[in-house]
Amino acid sequence: MRRRMTDHLAAERRAILDKALDHVPFDGWTERSLRQGAADAGFDDIMVQRAFPRGGAEAIEFWSLDTDREMAAALAEQAAQKDKRIESLSAEKGALQDKLDKQDVLEMQAQGLRAQNAALAQTLADCEAFLRGDHDATPEDQCYMRGAMS
């Protein structure tokens with residue numbers, strides 16, 4: 001029957017296992033590797049028995065579950081970062097679209113001003129011509145200023 005690992009020894013298990021991994025390539029997943037790891041981490045042999053009562057098999061199980069948890073957390077962090085980046089890019093896209101929209105509005109306004117300036121320039125030229133006495137060249141019914149000068 002499998003014993004469920006309790007969280008109160010998780011820190012000790014990690015500390016022992018982190019140090020024991022240095023010895024595993026030479027001694028395998030043995031009691032000796034675990035004892036050496038415990039000594040390197042500042043624990044005695046009794047802590048090895050408490051942390052991994054089934055020895056190397058339990059150490060492998062803990063290591064496998066722990067690295068799976070770390071991997072899942074890293075993947076979740078990557079996904080969160082990707083989501084943040086997507087949100088950021090979406091916001092940047094929206095800001096750029098707003099700028100383009102404003103630029104379009106400004107361009108339309110500028111075109112309108114250019115058209116108004118052309119009409120004002122024509123009006124100014126017509127007024128100057130009128131003051132010079134050149135007003136008789138345009139028939140009264142075609143003059144846009146008809147009635148304004150009376």
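Excluding same-chain neighbours fewer than eight residues apart, the lysines reachable from Lys93 by a Cα-Cα span under 30 Å are Lys82, Lys84, Lys102.
Distance between the 7 Å Cα→Cβ label points at Ala41 and Asp104: 6.3 nm. With K and R counted +1 and D and E -1, the other residues having a Cβ less than 15 Å from that of Trp29 yield a net charge of -2.
Computed on region 10-57, the Cα convex hull volume stands at 55 Å³ per residue. Loop-only check: which trypsin sites (Lys or Arg not before Pro) in region 29-98 are DSSP coil with at most 10 other Cβ within 10 angstrom? Within region 29-98, no trypsin sites (Lys or Arg not before Pro) qualify (loop, at most 10 other Cβ atoms within 10 Å).
Under the convention that each Lys and Arg Cβ holds +1 and each Asp and Glu Cβ holds -1, the size of the dipole of region 7-96 around its Cα centre is about 240 debye.
Note on Ala76 and Arg132: their simple-model spin labels are 8.4 nm apart, each label 7 Å out from Cα toward Cβ.
As a proxy for reagent exposure, Ile46, Ile16, Ile60 were ordered by neighbouring Cβ count within 10 angstrom, fewest first; the result is Ile46, Ile60, Ile16. Choose one of Leu75, Ala95, Ala51: the residue whose Cα lies farthest towards the positive end of the charge dipole of region 7-96 (beta-carbon charges +1 Lys, Arg; -1 Asp, Glu; about the Cα centre). Result: Ala95, furthest along the dipole toward the positive end. The Kirkwood hydrodynamic radius of region 8-126, based on inverse pair distances between different Cα atoms, is 19.8 Å.
Values in this text are rule-based calculations from the coordinates and carry no lab data. Please read these numbers as outputs of a predicted model, since none were measured by experiment. Cβ sites come from the backbone with ideal geometry, for glycine too, and all protein chains shown count toward neighbours.
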